[in-house]
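The structure appears right after this line, and notes come after that.
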Amino acid sequence: MTQVSRYGHMLKVTVGRMRMRVTARYRVTGSVLDDTVQGEMLGADTVLELDSPDPPDRVARLVRNAERGCFVMQALLRPVTISSAAVLNGRPLERA
């Protein structure tokens with residue numbers, strides 16, 4: 001929704017009320033006790049509701065740009081490399 005506001009200003013599209021519903025589908029398999037737990041995201045559905053006095057083609061352009069400029073959506077559509085570290089009491093925590 002941040003990108004809708006940002007790009008709306010750039011494209012001079014007026015957006016009044018805005019609401020987004022996101023439904024994520026996921027599952028977890030394995031066992032925490034056996035150290036085999038594995039989370040998996042299966043998908044996500046979004047519904048963006050906008051109020052605007054501007055023509056639908058201009059609002060559609062805004063939504064297209066906002067989706068392309070959304071870092072979270074793009075990371076899910078085109079996965080990126082992630083590095084992670086854990087620090088315990090000021091020292092790196094080794095994880096096998």
On Cα atoms only, tilt of 56-68 relative to the major axis of the chain in degrees: 20
Volume per residue of the C-alpha convex hull in segment 2-92, rounded to whole Å³: 166
Added length on full extension, which subtracts the Cα-Cα distance from 0.36 nm per residue, Ala60 to Arg95: 8.0 nm
Distance (nanometres) between label positions extended 7 Å along Cα→Cβ at Arg78 and Ala44: 1.6
Helix axis angle, 2-11 relative to the chain longest principal axis, alpha carbon, degrees: 30
³J(HN,Hα) computed for each position of segment 79-86 - Karplus, 6.51 cos²θ - 1.76 cosθ + 1.60, integer Hz, glycine/proline x: x, 10, 6, 10, 10, 9, 9, 10
Protection proxy ranking, peptides 4-17, 43-56, average beta carbon neighbours within 10 Å, highest first: 4-17, 43-56
Between segment 68-95 and segment 1-63, the alpha-carbon center distance in angstrom: 20
Percent RCO, i.e. relative contact order, over the chain, from Cα pairs under 8 Å lying at least 6 residues apart: 28
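The numbers here are math on the coordinates, done by the rules we state, and not lab data. Because the structure is predicted, anything quoted here is derived from the model rather than measured. Quick reminder, even Gly has a Cβ in these numbers, built from the backbone with ideal geometry, and neighbours come from all protein chains shown.
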